[in-house]
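Below is one structure, written out as structure tokens; comments come after it.
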Amino acid sequence: MFPEFRDLISRLKIDDEHFARLFHRHNELDQQIKNMEAGIVPSHGMEIEQLKKEKLRLKDSLWLTLRKAESAASGAPS
């Protein structure tokens, strides 16, 4: 996810507890969805869709945080 921000993600996971929690939750959801889709964990379609929506909301939040941090680092207004 967001390979162009690899270094910034590494830094924010250490320096920003909120970002780290969101990133960890996103990864947890990703694995949970993969397990459900592969049939490793029982589920129904609506549950998977809800998890995908939550994962997308988290990804949007992570993206916004990355953009703000990038702007702050470059001195540009966010």
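The values are calculated or read from the model by the stated rules, or taken from the named source; none is laboratory data. Not measured: the values here are computed from a predicted model. Cβ sites come from the backbone with ideal geometry, for glycine too, and all protein chains shown count toward neighbours.
Please go through the range 12-33 and give me each residue that is surrounded by 14 or more Cβ atoms within 10 Å (Cβ to Cβ) and either in a helix (DSSP H, G or I) or at pLDDT below 95 (or both), ordered by number.
Our first condition is that a residue be surrounded by 14 or more Cβ atoms within 10 Å (Cβ to Cβ); within the range 12-33, this holds for 12-13, 16, 19-20, 22-23, 25-26, 29-30, 32-33.
Within the range 12-33, 12, 13, 19, 20, 22, 23, 25, 26, 29, 30, 32, 33 qualify.
Could you list all residues from the range 2-20 that are of a type outside the set (A, V, I, L, M, F, W, C) and under 16 Å from residue 58 (Cα atoms)? Walk me through how you get there before you give the answer.
Of the range 2-20, the ones of a type outside the set (A, V, I, L, M, F, W, C) are 3-4, 6-7, 10-11, 13, 15-18.
Of everything in the range 2-20, those that are of a type outside the set (A, V, I, L, M, F, W, C) and under 16 Å from residue 58 (Cα atoms) turn out to be 13, 16, 17, 18.
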| field | Selection from the range 34-77 of residues that are loosely packed, with under 14 Cβ neighbours inside 10 Å, under 17 Å from residue 11 (Cβ atoms) and either modelled with pLDDT of 95 or more or of a type in the set (S, T, N, Q) (or both) | value | 63, 64, 67, 68, 71, 74
